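To keep things clear, I will list the structure first and then write my remarks on it.
The values are calculated or read from the model by the stated rules, or taken from the named source; none is laboratory data. Keep in mind it's a predicted model, so treat the numbers as computed, not measured. Every residue, glycine among them, receives a Cβ derived from its backbone with ideal geometry; neighbour counts consider all protein chains shown.
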Amino acid sequence: MARDMLSAAGRDRLAGQRVDRTALRVNQGFIVGLLAIGFVLSQPWLAALVATVMLVGTAAPGAALFQQIYHRLLKPTGLLKADIQAEDPAPHRFAQGLGGTVLALGVLALFAGQAIIGWSLVIVVIALAAINLAFGFCAGCFVYFQIQRLQR
């Protein structure tokens, strides 16, 4: 999605910037899987773990736990292959930060006893990550590009 929205001039500007789409898909898979387990088993600590991983990975991309599992375990063993694309990683970091923030708000609601609000926010994150995983549409990336467009 992010790559498709860039003009040729924008692609030239991004020369040298790369995104491994397999790492993104692994990240989304962990987010969907762990949050779904947390929801089904009513375990808010799993949502808190995922929110922490997402926010830390946004602030320090090299520390993104789910992507580290891909880079250090899944890719070296040959279970998954890299899908390197020339694109700006910023929209993906923005999307992860936005998702992590929504999830953190959900976790706060859960720990404050507001289960309906908390789990609803968790479900929003599950749904958007699943849409990205299944169809390649990154809602957070879309928001990022709309903000960029408004700033011009």
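How do the pairs read when you match residues in the range 75-86 that are in contact (Cβ under 8 Å) with a residue 40 or more places away in the chain and within 11 Å of Arg18 (Cβ to Cβ) with residues anywhere that are surrounded by 10 or more Cβ atoms within 10 Å (Cβ to Cβ) and hydroxyl-bearing (Ser, Thr, Tyr), using Cβ under 6 Å and keeping only pairs 6 or more apart or on different chains?
That search, which allows pairs on different chains as well, returns Ala82/Thr22; Asp83/Thr22.
Look through the range 1-60, keep the residues that are modelled with pLDDT of 95 or more, over 17 Å from the mean Cα position of the chain (by Cα) and aliphatic (A, V, I, L, M), and return whichever of them is surrounded by the most Cβ atoms within 10 Å (Cβ to Cβ).
It comes out as Ile37.
What is the residue count in the range 102-133 for residues that are surrounded by fewer than 17 Cβ atoms within 10 Å (Cβ to Cβ), among the β-branched types (Val, Ile, Thr) and either in contact (Cβ under 8 Å) with a residue 60 or more places away in the chain or closer than 18 Å to Phe30 by Cβ (or both)?
Going through the range 102-133 one residue at a time, the tally reaches 3.
Given the criterion part of a helix (DSSP H, G or I), under 13 Å from the mean Cα position of the chain (by Cα) and either under 27 Å from Ile37 (Cβ atoms) or modelled with pLDDT of 95 or more (or both), identify the matching residue among Ala104, Ala127, Ala109.
Selected residue: Ala127, the only one of Ala104, Ala127, Ala109 that is part of a helix (DSSP H, G or I), under 13 Å from the mean Cα position of the chain (by Cα) and either under 27 Å from Ile37 (Cβ atoms) or modelled with pLDDT of 95 or more (or both).
Could you tell me whether Gly99 is free of Cβ contacts under 8 Å to residues at least 40 places away in the same chain and either within 14 Å of the chain's Cα centre (by Cα) or farther than 12 Å from Asn27 by Cα (or both)?
No.
Residues in the range 77-88: is at least one crowded, with 22+ Cβ neighbours inside 10 Å and part of a loop (DSSP other than H, G, I, E, B)?
Looking for residues that are crowded, with 22+ Cβ neighbours inside 10 Å and part of a loop (DSSP other than H, G, I, E, B), one finds at least one in the range 77-88, hence yes.
Going through Ala95, Ala63 one at a time, which residue ends up being modelled with pLDDT of 95 or more and under 23 Å from Gly16 (Cβ atoms)?
Going through Ala95, Ala63 in turn, the sole match is Ala95.
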